[in-house]
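Rule-based calculations on the coordinates, nothing more; no lab input. Given the structure is predicted, the values throughout are model-derived calculations rather than measurements. Heads up, the Cβs are rebuilt from the backbone with ideal geometry, glycines too, and the neighbour counts pull from every protein chain shown.
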Amino acid sequence: MRGGSSEISKGIDWLILWLYIILCVIGITSIFAATYREGDDIVKTFLSFKTDYGKQSFFFCASLVAGVVVLLTDSKFFTATANLWYTFGIILLLLVFPFHSNVKGTESIIKFGDAFQLQPIQLCIVFTNLALAKYISRVETDFSRLRSQLIAASIVIAPAILAILQSETGLALVYFSFFLVMFREGLPAIVLVIGFSFAILVVATLLVDPNILAIILTGIAAFVVYIMRRQIKRHKSVLFWIIAIWAICVGIQRFAVPLIFDHVLQPYQVKRIYDTIGKDYIPKDAAAAADIEKNTATKKQDGDYNVKQSKIAIGSGGLYGKGLLKGTQTRYSFVPEQRTDFIFCTIGEGFGFVGSFIFIMIYVLLLFRIVTIAERQRSAFSRCYAYGVASVLFFHIAINLCMTMGLAPVIGIPLPFVSYGGLSLVTFSIMIFILLRLDKDRQMVLR
């Protein structure tokens, strides 16, 4: 027994492990604060499988058991089976189409009776991380070549497309966080610049009249031509590229953005985006209006209502908060989904600015520690995987916190280790424990 215990603890990064445990405990406490009913026996409800905090406690224990299994597994197992896990994940995603159940507007869940449900797109994040790390770390992969970059991008984009087809746009966006891993491994910075520029152009298209925006883009192009007039005289191709970029930008704002908003995103998702930027969304037809009505059947299902109540809850916490079980907004269910997507407002109301700041700093410390671990790996596989974990966690944390404060659209992104959800907790836990296992063998070169 001593040998087994020593084998598990040897070389483990205890800071990561303790930060993980602290966040899980904060999550269970927050779910308890949001859902506990006065007069219930606290011990019995925690030990039962009938309350949300009782279920979350059970899944936390299950995650620890899974973590022990991962820590006892040979590191080479993850490199040897990475592609198999990815293939298994894609098969699960394909099985969603004939066997899915519509749950809260998403068609990405497979239900097994009333007791258990599986959302493969969430689980597939781990598999994609392993497969991407496996491909980039191959000896024959020259990531400076366009072909290798396109193959890596396809590994990431394939499950994201399946997620979009399953009306799970929020989690589909998570997969694009893996481009940060590719950037670390040599993806040209221009790709990220193009990505951020596209996002800015989309927002500008929604905020500014199309004709005015086209004039602004033309003016910017003319200014660039004037600034670069000497280079244009020497190299005529410069003018060609300026005109090409201008034409692409105008084409995006004129055709691509309307196409995405009319035919890719669901009307209720479009409405949430408009709510975030403070504009009214007018459905283009009766079908769109019906979709919005269906997904906001009650006022408390409306994204704008959720955000308003969330901001009230966070603001009412003041500097030090109202205390555990003393929050009025979260205790009386004014905030919808306060145990899942909007769990941060429970922390904000209960523990105020100081508590929220400390909570966010725990996340920041965790992310910095993961990046530190990534950079000390001898194996490219371990490094890529660690950066994948950091990227996924950062995306979830940033979007969820911004979502609860009205700085991002409500897209159903859980807060890692804190939001209620058994599969979510287990998935994030497995990601962390695989990272810890690979770090234990950081001097090895894994293939």
| remark: Label model pair ASN83, ARG229: point-to-point distance (7 angstrom along the Cα→beta-carbon line) in nm is 5.7
| query | Taking Rh as the Kirkwood radius, which is the inverse of the mean 1/r over Cα pairs, what is the Rg/Rh value for the stretch 338-387? | reply | 1.22
| task | Find how many whole Å separate the alpha carbon centroid of the stretch 16-81 from the alpha carbon centroid of the stretch 116-133. | result | 19
| note | Any residue on another chain or 5+ positions along whose placed amide H is under 5 Å from the amide H of SER108 is listed here as VAL103
| said: Semi-axes of the equivalent ellipsoid for the stretch 408-447, please: Cα gyration tensor eigenvalues, times 5, square-rooted, ordered largest first, whole Å. | reply: 29, 12, 7
| task | Please compute the Cα-Cα pair-distance distribution of the stretch 126-171 with 5 Å bins starting at 0, giving whole percents from short to long. | result | 5, 22, 25, 21, 14, 9, 5, 0
| field | Largest to smallest principal axis extent of the C-alpha atoms in the stretch 325-447, angstrom | value | 54, 28, 25
| query | Under a no-solvent Debye model with one identical scatterer per Cα of the stretch 143-246, what's log10 I(q)/I(0) at q = 0.18, 0.22 Å⁻¹? | reply | -1.03, -1.11
| note | Checking the stretch 136-231 for GluC sites (Glu not before Pro) in a loop per DSSP with at most 12 other beta-carbon atoms within 10 Å yields GLU140
| message | Based on alpha-carbon centroids, what's the gap between the stretch 220-265 and the stretch 378-447 in Å, whole number please? | response | 36
| Quick one: Debye curve from the C-alpha atoms of the stretch 183-235, no solvent, what's log10 I(q)/I(0) at q = 0.15, 0.19, 0.24, 0.27 Å⁻¹? | -0.65, -0.84, -0.92, -0.96
| query | Of the residues ALA34, ALA222, ALA158, which exhibits the maximal mean-square fluctuation in a Gaussian network model of the chain defined by a 10 Å Cα contact cut-off? | reply | ALA222
| remark: Quick note, the chain: a/c under 1.5 would make it rounded; otherwise a/b > b/c is prolate and the rest oblate (a ≥ b ≥ c, C-alpha gyration tensor); here it is oblate
| field | Rg/Rg_ref, the stretch 30-79, where Rg_ref = 2.2 N^0.38 Å and atoms are Cα | value | 1.62
| query | Can you give the Rg and Dmax of the stretch 80-235 based on its C-alpha atoms, in angstrom? | reply | 20.8, 71
